[in-house]
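Let me begin by presenting the structure, written as structure tokens, before commenting on it.
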């Protein structure tokens, strides 16, 4: 790994007075960032370089700066300017995760009107999400996860119609999910895990055709799951676990889903028959709900990619009506069926690659078969 001596980095920058682009990603610099950087710099990539000390505020005022990446420097700290940045007209990409900042997420970010990517994960930031962010209409990535924020998700985020990825997980946010977010018709990735969000998921009439990932686990959301969730044509991962959702699970209209986690809710009624059509599914977690009725093994027979299945602690009865055709996919490595009214083991014959099996709290009788 290339490395600099304690003064080499400073000397390098002092000598290159006309420097425009500098990329030292994963070079061991192990020093502070010098105060005086070339005003010609447009690109400064110093991620994973063991930088330390405090980021000089002058770096935010470089007039031609377009890209600033200081990510993965855990010993680096700093303060955001409270007033307009001199780089505000040019800056397109800002990645400072997980630099330790002191104070609130500043309103001055709203001046960065050319910004396309803002990544401030694990930056020790506090306070509310500033309403001024609605000015960042070119923003495609907004990542603020794992900070000490407060208050609701602002309605103004719905104005950021260029957004493709919105990550606000583990931010201490509260209140409802604003309906204005459904204006984000280009959104592909939405992550609000581990907050204090409450109320129902708001309805919508159109849009979200590009949504690939929706992660809402570990909040206090409630109410019935809106029908549009089952009708998203691009959805690959759906995690709504550890909330208070109730009502029935509707049939899925498309087979794009790869991972589903609805565990630890209050969902009820029968499992939708459309599960058998989700041929790309690898993970299905439905445990700790109130699903009921008979669930025949045949519903999983065609899911040739399925590796993890958890139906534990529902009010279902697992059946195996067609013992010759109803088999579990060989791809299964984890099968959790605790308290599922299992009374025989023939359906396990085809699950030859199991690494984890839980059949506790069932009504299995007789001897263990020879093939087990």
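We did not get these values from a lab; they are worked out from the coordinates using the rules stated. This one's a predicted model, so the numbers in the text were calculated from it and none came from an experiment. Positions of Cβ are backbone-derived with ideal geometry, glycine not excepted, and every protein chain shown enters the neighbour counts.
For the reader, a short list of remarks on this structure follows.
- The stretch 50-127, relative contact order in percent, only Cα pairs under 8 angstrom and at least six apart counted: 31 percent
- Across the stretch 1-146, the volume of the C-alpha convex hull divided among the residues equals 95 Å³ per residue.
- Computing Rg and the Kirkwood Rh from the Cα coordinates of the stretch 123-175 gives a ratio, Rg/Rh, of 0.94.
- Rg and Dmax [Cα atoms of the chain; Å; Rg one decimal, Dmax integer]: 25.6, 83
- Rounded if a/c under 1.5, otherwise prolate or oblate - the stretch 208-355, Cα gyration tensor axes: prolate
- Cα-only radius of gyration and Dmax that characterise the stretch 152-192, units Å: 9.7, 26
- Within the stretch 86-167, the percentage of alpha carbon pairs spaced more than 15 angstrom apart rounds to 54%.
- Least to most buried among 45, 138 (fewest other Cβ within 10 Å first): 138, 45
- The stretch 7-358: relative contact order as a whole-number percent, Cα under 8 Å and 6+ apart: 7 percent
- Computed from label points 7 Å out along Cα-Cβ, the spacing between residue 138 and residue 321 is 6.0 nm.
- Calculated P(r) of the stretch 109-224 - Cα pairs past 21 Å, %: 31 percent
- log10 of Debye I(q)/I(0), alpha-carbon scatterers only, for the stretch 1-75 at 0.17 Å⁻¹: -0.58
- Inter-label distance, nm, simple model (7 Å from Cα along the C-beta direction), residue 204/residue 150: 3.0 nm
- Taking the fewest neighbouring Cβ atoms within 10 Å as the starting point, the ordered list for 126, 227 is 227, 126.
- Helix-only [θ]222 nm of the chain, DSSP H runs n ≥ 4, -39500 (n - 2.57) each, per residue, nearest 500: -500 deg cm²/dmol
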